[in-house]
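So the structure is just underneath, and the comments pick up after that.
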Amino acid sequence: MTRKTSGPSISVYFSIYFALTFIVASIVIVAIVNRSMRNEALSDAREKANVILERNLATHHYFSQELKPKLFDTFAGSQSPDYFEPTWMSSTYAIRQIDKYFNSNSEYSNYYYKECAVNARSPQNEADDYERAFIEELNKDPDLRQRSEIREFDGQAYFVSLHRGERMEQSCLRCHSTPDKAPGDLVKQYGDQRSFNRSDGNIVSAISVRIPLANAYAATRATTIKLSALLLAILSLMLTAIYIFTKKTVMLRASKLEDLNQQLVAEISERKEAEAKAERDARLTQILLDSMPCVAMLLSPKTRKIAALNETAYKAGARVGQTCFGSWARHDEHCPFCMAPELWESGVAQHIEVEFGGVFWDAHWLPISDDLYMHYAFDITDRKQTENALFQSEERFRRAIVDSPFPTMLHAEDGEILQINRVWTKLTGYEPEEIPTLSAWTERAYGERKDVVKSRIDNIFDCDTTVEEGEYVISSKDGRMLTWDFSSAPLGTLPDGRRLVISMATDVSERKQAENALQVKTHDLGERVKELNCLYGLSKLVDRYDSLEDILRELVEMIASGWQYPEVTCCKINALGNEYKSSGFEHTEWKQSATIIVNDQASGSIEVFYKRQCPQAYEGPFLKEERDLIDALAQRTSRIIERKQAEEKLADHKIHLEELVAKRTSELGATNKSLKKEITERKKLQDVQNQQFAQLAHMSRLTTAGELSSSLAHELNQPLCAIATISEGCKRLIASGKGGGDEITEGIEEISTQAARSGQIIRRMAQFVSKHSPKRSTVDIDTVINDSIGLIGVQARQSNVDIQYEQTGKPLDVLADKVQLQQVLINLMQNGIDAMENITPDQCRLSISVSIIENEYVEIAIEDNGRGFSETDKETLFEPFYTTKPEGMGIGLAISRSIVEAHDGYLSAESESGDGATFRIKLPLSGHEKTHDKS
């Protein structure tokens, strides 16, 4: 036998599998590296864009906030109003020039930076369509700050970043409001069309930065190619090593295994041929059994053991090698109905139908050979159940007819009535023996109409579907007339060939009576609808016509439609001395009338006449409802006349009112001029009051500083004494020559520390008492509170008051004037210290807490445990010149409340007399304050 080796195939398959795995892993690695490098390039581009943006925004800030204001102040009065020099007056011009120099560097030559604007002053700064759309979105969405994405320009990829540009400020409007207000040199240089008509607060520009990605992407592709080449080289080396290894080791072992495999194949082939012959014989027998659609078994007549069986017998519980009664029937001995003994005695096949185990079987015993016989049985349970169900169905049908709630009759085509049910007898009174045929039934029930009805019944036998015969009036045995709705249907033929029909009826006598009553009600309802239409028509006439005469003329024609006999009805209306008649009017004796009462006086009537005599009703020939209708028409007509008279008076009043309005308008014009003059004077007065308030606040701070001066002097004396003492010690060390350089250096450092402490105390006081115009900026609440505690702390310690304040630990910024806010805090803390003047020293406590309200406001609570104040004091607490202190001026709390309210805040106080007081300052967080003029 030739040995066929499969060694090379295994080696090749293994190498291919390894190569594919390595290639897939390499592709994943290369893709990850490529993606990572592209993300890094994009991150670098975003960082560079932010650097360029921050640089230019800083330049803008320097120009707008530092350079331009100072140069304007320096040149004020020395330059003409038309003077314009873009190098220092235009930050955009400066940025453009800086960017030109920046782009001269080869590293940044491809970068793009533009401060784009719509209708820009310089065409170089004009926004393109993409940038223009972004600027429009900025003015629509106040929360939009920037947008970034990757876009292609001239086939090259760029990282594009758009940012919100400058918002037009008051200082910028000199050059951007209108050409007549701009410097003349600017208009000469740029013209009078571009970058004008701006308004304060508008976002007029956006900053567009584009960072090229081409070089970074090219480097990414180069790295990807190099990495792919390296991985391919590694794959080639590894495949070569694998091939050599498998050639020397794996292939040798595979050859030995192949020899053993050939021997096993030969032995298995011989064994299979022997088994195949035995299987063919058994298969033929099994095919015979399996082809039978029932339980089938081959048994030995002596032992009753099963030699073979089909799948159906197996599912029934039979098993080869076991007895049929032990496995299938599950008995300890032969089944009592088994016909096997009769089979062997007679040699003839046996058959029986028997119920066994709740199943009906059609069992057969058939001899096969001297030592075998076949036993097979069909499950006929379904057939037996069907037969039983048919019998029960026939019984139910019979009971359904007898017990049906509807009159039911079975009759044959020769006229014989086979059955009537109890309801039929109950309603008609006829027993079955009284109406044995259709002729007897029609004679009794229909009388003279019997022949017509009998012929219709005979026609039903020619139909093959249900026939709806309709309603018939029949006579019962006691003479009552009943209305039945008949329907019939064919039921096939009887065994003797006669066609059979079932007829059923529904007693609709009560329904017919209800229908007749409904017709009467419908007629009455129709009459009521006519009456309502008449009243509705009157309402429509009022809407359609303004003249009372037109309304009455149309109404007299319409009234007849609301009466029971409109064709013979006519009408007449007398109102306010006028008479209106319907067309074809006749004055007859059949009349119905109602009085028209206007303003509690009889002013006419409505009269309705029938032109001929009609059946008598409630009021002669007229119905009660028609009496209600004519009264309602008279009342409605009265209201209409009153309304029209009121409208005429209203028109006269309207003319008079218009004359009064014209006169009053003239008077208001004169008053308006006087009011405008008064408003102007009040504005001037308000400016003076604001200046006085600022002076008063400054005076209050000076007063507070005076009260704190002794405490601050003590606080300042400590570092000054320390400086003097340390200085004297250093002089002695130097004079004695004993001191080392480290000791003198340490002394000098301590002197520097104490001097800085002294300077901080003086600086805080100088800032507090400085006189300046209110200027708001973003300040941190913790910083303001700590500085205020620094100023009031010495006085608190001297008064044995413990100030407790735990910092929030996070920035809480508000837009405020720091000095004014300090003034409020110091005033409230000083009031709290004064309120605890007579409190035991170890119980004096001033607590300061800060909380956030609704993420929009910060609340500062200053709480003391002093004497508090009463409800009466609370009502006048914040009024000017009201005080509970013997030496107080009464302006501290009034000024404090004015300062807090000027910052869009609220100052409140709460106390119970003798239990301390709490003052709460509520201010909006930065970004949530109301809009203020930049001036």
Scanning segment 306-346 for residues that are open to solvent by 20 Å² or more (accessible area, probe 1.4 Å) and of a type in the set (A, V, I, L, M), which turns out modelled with the lowest pLDDT? M339
Do any residues in segment 34-46 that are crowded, with 17+ Cβ neighbours inside 10 Å have Cβ atoms under 6 Å from those of residues that are modelled with pLDDT under 80 and assigned to a helix (DSSP H, G or I), where the two are at least six apart or on different chains, and which pairs are they? A41/A216
Take the residues of segment 461-504 that are within 17 Å of W441 (Cα to Cα) and not in a strand (DSSP E or B): which is least open to solvent (accessible area, probe 1.4 Å)? S476
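Select, from E619, E667, E658, the only residue that is exposed (fewer than 14 other Cβ atoms within 10 Å of the Cβ) and touching a helix residue (DSSP H, G or I) at 6+ places or on another chain (Cβ under 6 Å).
E619
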Restricting attention to segment 373-402, the residues that are in a helix (DSSP H, G or I), aliphatic (A, V, I, L, M) and under 30 Å from K305 (Cβ atoms) number exactly 0
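With the condition kept exactly as written, say whether any residue in segment 831-841 is closer than 17 Å to G905 by Cα and either of a type outside the set (K, R) or touching a strand residue (DSSP E or B) at 6+ places or on another chain (Cβ under 7 Å) (or both).
No, the conditions are met nowhere in segment 831-841.
Here are L138, L173, L162: which of them is closer than 27 Å to R38 by Cα and surrounded by 13 or more Cβ atoms within 10 Å (Cβ to Cβ)?
That would be L162, the only listed residue that is closer than 27 Å to R38 by Cα and surrounded by 13 or more Cβ atoms within 10 Å (Cβ to Cβ).
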Determine whether N105 is exposed (fewer than 14 other Cβ atoms within 10 Å of the Cβ) and modelled with pLDDT under 75. yes
For segment 213-233, state whether one or more residues are part of a loop (DSSP other than H, G, I, E, B) and modelled with pLDDT of 80 or more. yes
Any residue that is modelled with pLDDT of 80 or more, of a type in the set (A, V, I, L, M) and assigned to a helix (DSSP H, G or I) - is there at least one of those in segment 115-133? yes
Quick one: which residue in I803, I792 is among the aliphatic types (A, V, I, L, M), assigned to a strand (DSSP E or B) and modelled with pLDDT of 80 or more? I803
Considering only residues that are open to solvent by less than 80 Å² (accessible area, probe 1.4 Å) and over 54 Å from the mean Cα position of the chain (by Cα), look in segment 641-650 and name the one that is farthest from Q592 (Cα to Cα). A646
I'm trying to understand the selection: among the residues of segment 516-553, which are open to solvent by less than 80 Å² (accessible area, probe 1.4 Å) and either more than 25 Å from R627 (Cβ to Cβ) or small (G, A, S) (or both)? A517, G526, G537, S539, Y545, S547, L548, D550
Flagged in segment 834-847 as surrounded by 19 or more Cβ atoms within 10 Å (Cβ to Cβ) and either in a loop (DSSP other than H, G, I, E, B) or in contact with a helix residue (DSSP H, G or I) (Cβ under 6 Å, 6 or more places away or on another chain) (or both), in numbering order, are M836, C844, L846
Condition broken by T381, with the remaining ones in (1) out of contact with any helix residue (DSSP H, G or I) (no Cβ under 7 Å at 6 or more places or on another chain); (2) within 18 Å of T312 (Cβ to Cβ); (3) surrounded by 15 or more Cβ atoms within 10 Å (Cβ to Cβ) satisfied: (3)
Considering residues that are among the aliphatic types (A, V, I, L, M) and either open to solvent by less than 50 Å² (accessible area, probe 1.4 Å) or closer than 20 Å to L525 by Cβ (or both), the number found within segment 600-616 is 2
Could you say whether any residue in segment 892-910 is over 21 Å from A816 (Cβ atoms) and at pLDDT 65 or above? yes
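The values are calculated or read from the model by the stated rules, or taken from the named source; none is laboratory data. All figures in this text were calculated on a predicted structure; none of them were measured in a lab. Cβ sites come from the backbone with ideal geometry, for glycine too, and all protein chains shown count toward neighbours. Accessible surface areas use protein heavy atoms only, side chains included; no ligands, DNA or RNA. Shrake-Rupley method; radii C 1.70, N 1.55, O 1.52, S 1.80 Å.
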